[in-house]
Amino acid sequence: MSAPEISVVLPCFNEVENIPELRRRLVAVLEAAGRSFEVVFVDDGSRDGSWEAMAAQAAEDPRLRAIRLSRNFGHQMALTAGVDGARGRLVAVMDADLQDPPELLAEMLSKADEGYEVVYAQRSAREGESAFKLATAHLFYRLMRRWTNVDIPVDTGDFRLMGPKAVAAFRSLRERHRFIRGMTAWVGFRQVAVSYVRPPRLHGETKFPLRRMVRFALDALTSFSHVPLQLGTWLGFGVSLFAFLYILVVLVLKVLGINERGWTTLMGWMLLLGGVQLMLIGVLGEYLGRIYDEVKRRPLYLVSEEAGGPERDTAPEADPAR
Ligand code: UDP
Ligand code: MG
């Protein structure tokens, strides 16, 4: 069995209602494109029967496969597991809730044929998201652009098609705190955007509550920027300069013998500096914690079982410690 031309990787966390429709639309698009393909569902520790659903689909059609992680590892890890396990020359990654329309793959494939290694889908509009999510996402992408030295495209999710060089490069990046849209930009090569309108979720609800979004944003920032660490240096310089001037003022006042006032100023500065110092220790902690996670060198995810696919005689053994 030769490798398929394209693999489509779909991380799923409690997406049981979306799986049949997803499969139907994907298979239709890929068949119409006339390419050999495999669809790789990754079950990221679902508790709603998603695994059973995807394993059943895989049993019906050898072009469908399912990989089950041993627990919920989070979207970015599930996606990594899928890309690691994909056998196609080109690898597409997309969400399983049909917010990334499979129909866009046709256009993305034609870009890949033109020689682009990374084709990313860029949202020209987003439907069915809260005003808060839209505003924070807008701010986040612009901030990342300013504060990082990688050219991370604005308003893109993880919906991407990668060519063989980009896939190999991506697989070589084994960091734990992953911001995949940044990592696929970091690899370089020829990149291009195709734009689309992001529809609302078909079924179910978002798996990214505010707390997870904040974690994700911090991972993104710390993996691609040292600006927060350097904040201390700049604040330190600024405050020291001010302190130096202020000491001169205090000395002059002392010489003139008018030095009783100042309780308010003293308290104000003490509290302010205390706050700034604690905040910067916190920034150090964010980086330190991530360094600790990296040096432990744990595997990024663990696979508990796999289902489907063609006969596995020539397939390489899955390496759970990747
Ligand atoms: N997902 C996952 N593991 C998680 C959370 C989410 O694999 O821990 C999957 C989810 O099933 C979906 C994709 O990641 O296919 C994007 O999640 P979601 O649609 O909830 O994010 P949103 O579109 O709201 O940002
Ligand atoms: Mg979604």
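The values are calculated or read from the model by the stated rules, or taken from the named source; none is laboratory data. Small disclaimer: the values here were computed from a predicted structure and weren't measured. Backbone-built Cβ (ideal geometry, glycine too); neighbour counts: all protein chains shown. Just so you know, the surface numbers come from the protein's heavy atoms only, side chains and all, with ligands and any DNA or RNA stripped out. Shrake-Rupley method; radii C 1.70, N 1.55, O 1.52, S 1.80 Å.
Please work out which one of (1) away from ligand 2 (no atom under 13 Å from the Cβ); (2) under 15 Å from the mean Cα position of the chain (by Cα) is the condition LYS207 fails and give its number. Failed condition: (1).
Only a single criterion out of (1) within 11 Å of ligand 1 (Cβ to nearest atom); (2) open to solvent by less than 10 Å² (accessible area, probe 1.4 Å); (3) farther than 15 Å from MET162 by Cα; (4) part of a helix (DSSP H, G or I) is not satisfied by GLN76, namely (2). Give me the residue from segment 93-149 that is assigned to a helix (DSSP H, G or I) and within 11 Å of ligand 1 (Cβ to nearest atom) and, out of that set, least open to solvent (accessible area, probe 1.4 Å). Selected residue: ALA137.
Across segment 79-92, the qualifying residues are those that are of a type in the set (D, E, K, R) and closer than 23 Å to ASP44 by Cα, and the one among them that is nearest to ligand 1 (Cβ to nearest atom) is ASP84.
Scanning segment 1-55 for residues that are more than 10 Å from ligand 1 (Cβ to nearest atom), crowded, with 22+ Cβ neighbours inside 10 Å and more than 17 Å from VAL93 (Cα to Cα) turns up TRP51, ALA53.
Restricting ARG47, ARG123 to residues that are over 19 Å from ARG171 (Cα atoms) and at pLDDT below 90 narrows the list to ARG123. Out of ARG201, ARG176, ARG215, one residue alone is more than 24 Å from SER110 (Cβ to Cβ), more than 12 Å from ligand 1 (Cβ to nearest atom) and basic (Lys, Arg). It is ARG176. Scanning segment 151-168 for residues that are surrounded by 19 or more Cβ atoms within 10 Å (Cβ to Cβ), of a type in the set (Gly, Ala, Ser) and not in a loop (DSSP other than H, G, I, E, B) returns GLY157, ALA166.
Only a single item in (1) over 14 Å from ASP219 (Cβ atoms); (2) surrounded by 19 or more Cβ atoms within 10 Å (Cβ to Cβ); (3) under 14 Å from the mean Cα position of the chain (by Cα) is not met by ARG174, and it is number (2). Looking for something within 25 Å of GLU103 (Cα to Cα), of a type in the set (Val, Ile, Thr) and under 17 Å from the mean Cα position of the chain (by Cα) - is there at least one such residue anywhere in segment 219-229? Checked segment 219-229: no residue is within 25 Å of GLU103 (Cα to Cα), of a type in the set (Val, Ile, Thr) and under 17 Å from the mean Cα position of the chain (by Cα). Whether a residue is out of contact with any helix residue (DSSP H, G or I) (no Cβ under 8 Å at 6 or more places or on another chain) and surrounded by fewer than 17 Cβ atoms within 10 Å (Cβ to Cβ) was assessed, and ARG212 passes this test. Residues of segment 222-238 include none that is under 30 Å from LYS111 (Cα atoms) and within 14 Å of ligand 2 (Cβ to nearest atom).
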